Amino acid sequence: MVLNVIFRFILTANATSWMVVIYGIKEHWKFWLLPGWGMGLALLLIPIILSLISIKLTNFFGRDGMRSCQECVLADHEFLPVYLGYFFVALSINDCMTLCFVYAIVFVFTFLTQTQYFNPIFLLCGYHFYHITTEQGTKGFLISKGKVIRNVKDVGFTDLQRINDTTYISRKDEGK
């Protein structure tokens, strides 16, 4: 239970931290002796490191399997507008106090709605996102490493980690 809340908190930070990263780069934040480009690079590392931590945390979740499903639809492209929205909001904010309030509101809404499971850094790590419908008709979300699943007949996972009742992650490139 506590681990799940920590995981959800990290996933929410993954999803929303881009707003702070873009704002910091736009405002040319300085830290210690880092040049501007160095600070920008450091800011970019924050969501990457949080993403890698969240992938490692899935080791501690319950295990499950899925032999087949009724439907498996690629969802990699669906969340791009959300991330572009974060970028545009960050670019339009004029001061740090406004950023803090807007970020807090977005963070709370994202945390409560659990829409934070999509993470563009996961795409760079070789993961893909799918909306699935199980054989029992339950709709869910699958995060899977490996080649894009193009056919529902290719769905077969023996080693899934359960994030919640309807979300699973497979860290291995499995097939049927």
Practice task
Would you point out the residue of region 152-171, among those that are of a type outside the set (Gly, Ala, Ser), in contact (Cβ under 8 Å) with a residue 40 or more places away in the chain and in a loop (DSSP other than H, G, I, E, B), that is most open to solvent (accessible area, probe 1.4 Å)?
Solution key: Arg171
Exercise for the section: Give region 1-39 a look and list any residue that's open to solvent by 10 Å² or more (accessible area, probe 1.4 Å), under 19 Å from Pro120 (Cβ atoms) and touching a strand residue (DSSP E or B) at 6+ places or on another chain (Cβ under 9 Å), or say none. Expected result: Arg8
Completion exercise
Checked Thr98, Thr138 against criteria (farther than 18 Å from Gln161 by Cα and among the hydroxyl-bearing types (Ser, Thr, Tyr)); the one match is Thr98
Fill in the blank from the handout: Scanning region 131-146 for residues that are touching a residue at least 40 places away in the same chain (Cβ under 8 Å) and of a type outside the set (A, V, I, L, M) gives His131, Thr133, Thr134, Glu135, Gly137, Phe141
Handout entry: Count of region 78-107 residues which are open to solvent by 70 Å² or more (accessible area, probe 1.4 Å), out of contact with any Phe, Trp or Tyr (no Cβ under 9 Å at 6 or more places or on another chain) and not in a helix (DSSP H, G or I)
Key = 1
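The values are calculated or read from the model by the stated rules, or taken from the named source; none is laboratory data. Since the model is a prediction, treat every value here as computed from it, not as a measurement. Cβ: placed from backbone, ideal geometry, glycine included. Neighbour counts: every protein chain shown. Just so you know, the surface numbers come from the protein's heavy atoms only, side chains and all, with ligands and any DNA or RNA stripped out. Shrake-Rupley method; radii C 1.70, N 1.55, O 1.52, S 1.80 Å.
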